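Peer 1: Here it is: the structure, laid out below.
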Amino acid sequence: MISGPSGVGKGTVVRRVLERHPEIRLSVSVTTRRPRPFERDGVDYRFVTDERFDELVASGAFLEWAHVVGHRSGTPAAPVERDLAAGHDVVLEIDVQGARQVRNRVPGAVLVFLAPPSMAELERRLRSRGTESEDRLRVRLATAEAEMRERGWFDHVVVNDRVDRAAAEVEAIIQASRTPTEGPTHP
Ligand code: 5GP
């Protein structure tokens, strides 16, 4: 599970990992946010209304969900359970509040915090994306600062200085998590 401030490049790092490991599944989140240009429904997110999101919450469909800068996003539990049962690793790309819920509810989950090299670099990246108004950018930066303070309880902190290097580190973490730490003891 990968978390960390918005704009830190989680999507890019995760895409790089998945390109090299097609056996890993990515959880598609449900969100009440509006699609950005080039986002595809069912691929990047499942885009739903507030009413539909309420129904999904009420029916217990979410593994976790959170209020994220003015909207709600959540991980539907069924596809994650199906992919895990089929023997796949599943990557969730979610915010820190969601990560805390996963920590409490999924004992075997491996939590990775992706950190920017610095807050100045994070601001530069958010601005260059150019999808936010100044107000929303300020909210995202303040949220990012609060999220950075939470990184201590993650299993791993990976600094996204270069995408290739960060992706390689995440791959190594996933591979290490596959190796059983306890096996049958041989006489
Ligand atoms: P964005 O709006 O840029 O796609 O995402 C904003 C934030 O929402 C990111 O930090 C992203 O990781 C988080 N996010 C996306 N999907 C989920 C989800 O299903 N659950 C939670 N808790 N956060 C999510």
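Peer 1: Assess whether Leu63 counts as being open to solvent by less than 50 Å² (accessible area, probe 1.4 Å), under 23 Å from Thr143 (Cβ atoms), near the ligand (Cβ under 9 Å from one of its atoms) and not in a loop (DSSP other than H, G, I, E, B).
Peer 2: Yes: the conditions hold for Leu63.
Peer 1: Within the group Arg46, Arg82, Arg52, Arg16, which residue is part of a strand (DSSP E or B), at pLDDT 95 or above and open to solvent by 30 Å² or more (accessible area, probe 1.4 Å)?
Peer 2: Arg46
The values are calculated or read from the model by the stated rules, or taken from the named source; none is laboratory data. Every value quoted in this text rests on a predicted model; they were computed, and no experiment measured them. Backbone-built Cβ (ideal geometry, glycine too); neighbour counts: all protein chains shown. Note: accessible area is taken over every heavy atom of the protein model, side chains too, but ligands, DNA and RNA are not part of it. Shrake-Rupley method; radii C 1.70, N 1.55, O 1.52, S 1.80 Å.
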